[in-house]
1. Which one is surrounded by the most Cβ atoms within 10 Å (Cβ to Cβ), of the residues in the stretch 8-25 that are small (G, A, S) and within 30 Å of the chain's Cα centre (by Cα)?
2. Looking at R251, R277, which is the one that is outside any loop (DSSP other than H, G, I, E, B) and within 26 Å of S101 (Cβ to Cβ)?
3. Whether any residue in the stretch 28-38 is assigned by TED's automatic domain parsing to the domain that holds N126, of a type outside the set (V, I, T) and loosely packed, with under 14 Cβ neighbours inside 10 Å is what I want to check.
4. Need the failing condition index for F57 against (1) touching a strand residue (DSSP E or B) at 6+ places or on another chain (Cβ under 9 Å); (2) in contact (Cβ under 8 Å) with a residue 40 or more places away in the chain; (3) of a type outside the set (V, I, T); (4) more than 18 Å from A85 (Cβ to Cβ), just the number.
5. Kindly list the number of the only condition in (1) buried (at least 18 other Cβ atoms within 10 Å of the Cβ); (2) free of Cβ contacts under 8 Å to residues at least 40 places away in the same chain that fails for A269.
6. Which one of V224, V200 is in contact with a strand residue (DSSP E or B) (Cβ under 8 Å, 6 or more places away or on another chain), modelled with pLDDT under 95 and over 17 Å from A184 (Cα atoms)?
Amino acid sequence: MSKLEQAIAILASLGLPAKQRNERSALTLLALAHVGPRGSWKRTEQPLLRIWDIMAFMREKYGKDYAANSRETIRRQTIHQFEQARIVDRNPDDPSRPTNSGKTVYALANDITRVLRFFGTRQFDNAVADFIKKVGSLQAAYSGSRAKHRVPLKMSDGSTVYLSPGKHNQLQVAIIEELGPLFAPGATVLYFGDTARKHVVCETQRLAKLKINITQHDKLPDIVLYSEEPNWLFLIEAVTTHGPVDPKRHREIERMLKNCPADRVYVTAFFDVKTFRKYAGDIAWETEVWIAEHPDHMIHFNGPKFLGPYKARE
């Protein structure tokens, strides 16, 4: 059998579904094991590889040149299933690395590496059986390991939500737990998202009462708070890699909220002054800036008053 056929046979032995017993998944396994056409499974390795690195190996060793836009197909239709089957570990060098980081890497798990090294020997079937027997406990251990790095967020009702790891979610937690009580006391969280799960809180009915078109919630800022007594809607962008509330973003949100009766307070939040300085020239006038490393202070971009909404200009 060719190495490609051998890889497919291995995936079948491990009980992978039919959709993962194909050329794409076989080549992915060969790349992760660093086994070329003339290589040996006995010498299976565990390099840390990005999806781009996996595709480069396929191209260089097996002449399979996938288009650049195939990266997501490999990630979603092969790598994710390999993770679930405990064939690969994601970011074993740094489990706290954000889900959407461009530095995300994958490597064969230790136990599956030992199984692959037995391929072609009498011990292979027993090694596969032992691996499958252990995979349940390994799955639980793996999930527990990643759970340790999730970001806890205490909600106003006393419950705790766990967000995926990453600087963006850490900043969102600071906004809700520090900015909110200081500058919007008593405000309700109507919306915020997680980089992995997209939407964690989305109070659909409350948003509808404020005449916010929830079919366009992907365009909402990262966090939306609402103070009922002054009827203020706090629209907060958490900036770690993407831009602040600049004039273009301000106009986009205003158009979306054209029927909303609440007055709007726009806030751009940063982790530190260094990041704020990077974006300072882009921030829209008549908006606010909050910096997590100086949580008791707010920077006001012009305007005749301290903190509050501005009436629309004619």
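The values are calculated or read from the model by the stated rules, or taken from the named source; none is laboratory data. Since this is a predicted model, take the numbers as computed values, not measurements. Positions of Cβ are backbone-derived with ideal geometry, glycine not excepted, and every protein chain shown enters the neighbour counts.
1. Of the residues in the stretch 8-25, the ones small (G, A, S) are 9, 12-13, 15, 18, 25.
Then keep just the ones that are within 30 Å of the chain's Cα centre (by Cα); that gives 15, 18, 25.
Details: G15: 12, A18: 8, S25: 23.
It comes out as S25.
2. Numbers: R251 fails: within 26 Å of S101 (Cβ to Cβ).
On inspection, the qualifying residue turns out to be R277.
3. Yes, the stretch 28-38 has at least one match.
4. Only one criterion in (1) touching a strand residue (DSSP E or B) at 6+ places or on another chain (Cβ under 9 Å); (2) in contact (Cβ under 8 Å) with a residue 40 or more places away in the chain; (3) of a type outside the set (V, I, T); (4) more than 18 Å from A85 (Cβ to Cβ) is unmet by F57, namely (2).
5. Only one criterion is unmet by A269, namely (2).
6. On the way: V224 fails: over 17 Å from A184 (Cα atoms).
Within the list V224, V200, the selection yields V200.
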